[in-house]
1. State whether region 545-586 is rounded, prolate or oblate according to the following rule on the C-alpha gyration tensor (a ≥ b ≥ c being the square roots of its eigenvalues): a/c under 1.5 gives rounded; otherwise a/b larger than b/c gives prolate, and the remaining case gives oblate.
2. Amide H to amide H, which residues 5 or more places from M397 or on other chains are under 5 Å from it, using H placed in the peptide plane?
3. Can you say what percent of the DSSP beta bridges in the chain, counting only those with both residues inside, are antiparallel? Round to 5.
4. Keeping the other protein chains in place, figure out the carbon and sulfur percent of the accessible area of the chain, with a 1.4 Å probe.
5. If you roll a 1.4 Å probe over the heavy atoms of the protein chains, what accessible area per residue do you get for region 469-576, in Å²?
6. How high is the relative contact order of region 399-526, in percent, with contacts defined as C-alpha pairs under 8 Å that are six or more residues apart?
7. How many lysine pairs are close in the chain, with Cα atoms under 21 Å apart and the two 8 or more places apart or on different chains?
8. Amide H to amide H, which residues 5 or more places from L467 or on other chains are under 5 Å from it, using H placed in the peptide plane?
Amino acid sequence: MRDGRHVPGTLAVFVEEVARRYGELPALRFKSPGGDWTEVGYDGLRETVRSVGRGLVALGVRPDERVAILAETRPEWTYAHFAILAAGAVVVPVYPTAGEDELAWVLGDSAATVVICEDATQAARVEALRAKLPELRHVVRMAREGGGEGGGEGAGSPAATGTGSEGAPGRSAGSPLLRTLPRAPLADLLARSAHRTGDDLCAIVYTSGTTGLPKGCRLTHGNFTAVQDATDDLIEGGPGDTTYLYLPLAHLLAQLIQLTCLGQGGTLCYFGGRIENVVAELAEVRPTHLPSVPRLFEKVHATVASLAESRGQGGRDRFGAAVRTGVEVAELRARGEEPTGALRTAWQAADESLFSLVRAAFGGRLRWALTGGAPIAPQTMDFLRACGIRVFEGYGMTESAGVISLNHPVAVRYGTVGRPVRGCEVRIAEDGEVLARGPGVFSGYHANPAATEQALDPDGWLRTGDLGSLDADGFLRITGRKKDLIITSGGKNLTPSLVEAALQQSRWISRAVMIGDARPYPVALITLDAEEVAAWARSEGLDPGRGYAGHPLVRARCQEAVDAANAQVARPARIRAFTILEEDFTVGGGELTPTLKLRRSAIANRYAAEIDALYER
């Protein structure tokens with residue numbers, strides 16, 4: 001591949017290149033309808049992508065037309081992704097959790113001509129919006145009627161076609177995706193792929209904005225390949241490695257992980273489709289690489305800490321001592337040294353009784369884990385380091401093609417999001433905003449010049465909207481979102497994410513939202529970790545009555561968390577009062593974005609009465 005690296009000139013020829021390089025090595029691994037794990041080689045991946053791409057060409061998809069994918073993370077997403085690009089078209093990822101207004105906006109704003117849907121339910125949603133989508137010609141399904149995988153007739157207009165035939169398994173090497181379509185000649189598809197350039201549009205990826213309608217980021221093939229070139233040698237991987245993917249492929253981070261894994265010849269393993277089974281599947285899959293949002297790691301940490309606490313003060317003390325020992329050993333090994341004497345003895349005991357069990361929960365082979373999208377609790381990072389699991393925190397945004405900075409084995413500083421990747425410049429504006437510039441930065445928002453002007457200055461610097469600082473060695477630290485700053489009625493500037501992250505370190509708390517803009521002091525809305533609280537309540541023999549939120553013992557546990565968080569921040573930022581909400585925030589309820597970021601204005605509006613009550617006490 002280009003310059004000896006793993007990244008081809010454009011993503012239109014990506015699968016052709018990796019198939020030539022890795023041939024029969026396993027590329028994809030996934031659960032079949034029967035529940036067994038199935039593998040597809042790089043040759044099989046290429047053949048399916050060619051087949052689907054030829055079907056798209058025969059369907060009338062032209063170069064630069066938009067083709068949307070509306071599906072959960074699954075092999076067909078990957079087939080569709082690379083087939084669209086091979087056909088010279090532009091990918092428009094759509095979150096399957098998007099509401100009807102957002103779905104209509106993304107498909108209409110992008111002028112999508114074809115939508116590839118996961119199943120009949122999603123296809124029906126698109127069909128119901130057809131009157132609002134004048135550019136839409138075809139709706140294509142990945143799965144048959146009834147939501148099962150395999151063959152079936154197409155949804156929508158007479159021009160739409162089926163997504164399969166002969167009841168073939170939807171997750172097999174010969175995916176039924178577009179199988180019943182006629183096929184354009186292979187030479188036509190390959191010619192289209194070869195004619196794409198780095199300046200051509202590759203994807204329009206809509207931000208899951210916390211306010212207003214999403215904006216479509218226009219990303220070129222060159223944006224993607226620049227990021228891959230800049231990070232390829234920072235991420236250890238290759239044939240024999242397995243990356244477990246449960247993150248939504250509609251999000252750029254999952255797409256970049258897909259490119260990295262396949263570009264290096266590893267095996268991309270898809271989760272089985274049920275988020276509650278992720279931990280169990282990790283033990284089955286035994287991945288070497290795990291990209292994740294912080295919540296998974298924090299949940300594992302909370303579960304282990306909960307088990308330790310259930311054994312009383314002695315268990316809690318032993319757990320804390322073990323973590324301190326593990327961190328000390330991890331820091332020694334980072335300097336190329338090994339523990340000796342009493343430290344080695346203490347570490348061996350902790351490893352046998354705790355650390356090895358945690359590593360086994362992740363499958364026992366995990367060498368590298370990546371987290372991003374939100375800050376991870378420092379205590380969780382220490383816990384994982386102690387257990388011998390390396391987690392690297394990175395930073396980026398859709399407008400930067402996903403990556404700005406990254407910690408990696410050669411250069412890591414915990415508490416930061418790493419140094420800027422090769423080719424990317426970062427500086428801090430006078431008001432503390434992080435600015436970035438480089439070949440991965442997008443050229444602007446689709447059909448939105450006003451928003452583009454706000455995001456990019458005349459010299460090409462991207463205004464990230466994040467606040468941060470650079471240390472003397474060039475490591476970037478993110479301290480909060482500029483637009484989330486709270487200014488109290490007394491003129492104090494507060495960063496809510498710092499307090500919220502501290503509160504969410506508690507095993508009892510799922511989410512925390514600081515309120516205080518134009519108010520005399522900060523208060524908080526808290527939601528409970530339902531599983532954790534219910535398990536504790538059962539062990540204590542508590543009667544929940546109408547729910548746990550109003551139970552005095554539950555409130556006492558949350559008060560302990562608030563006190564602990566307040567001890568970590570300056571006096572003006574301390575929470576003076578809080579209320580526990582009866583339900584958690586959800587994407588469907590409108591309080592969270594599809595990437596699980598808080599929609600603060602929506603939360604403040606919905607719980608206005610509860611907030612006002614906190615200031616009346």
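The values are calculated or read from the model by the stated rules, or taken from the named source; none is laboratory data. Keep in mind that what you see is a predicted model, and the values were worked out from it rather than measured. Note: ideal-geometry Cβ built from the backbone for every residue, glycine included; neighbour counts use all protein chains shown. All accessible areas refer to the heavy atoms of the entire protein, side chains included, with ligands and DNA or RNA removed. Shrake-Rupley method; radii C 1.70, N 1.55, O 1.52, S 1.80 Å.
1. Numbers: a/c = 3.03, a/b = 1.92, b/c = 1.58.
Here region 545-586 falls in the prolate category.
2. Correct list: G402, V403, I404.
3. DSSP beta bridges in the chain are roughly 55 percent antiparallel.
4. Carbon-and-sulfur percentage of accessible area, whole number: 51.
5. Solvent-accessible surface per residue comes out at 50 Å².
6. Values: 224 pairs, mean separation 22.2, N = 128.
It comes to 17 percent, rounded to a whole number.
7. Eligible lysine pairs with Cα atoms under 21 Å apart amount to 9.
8. V434, T479, G480, R481, K482
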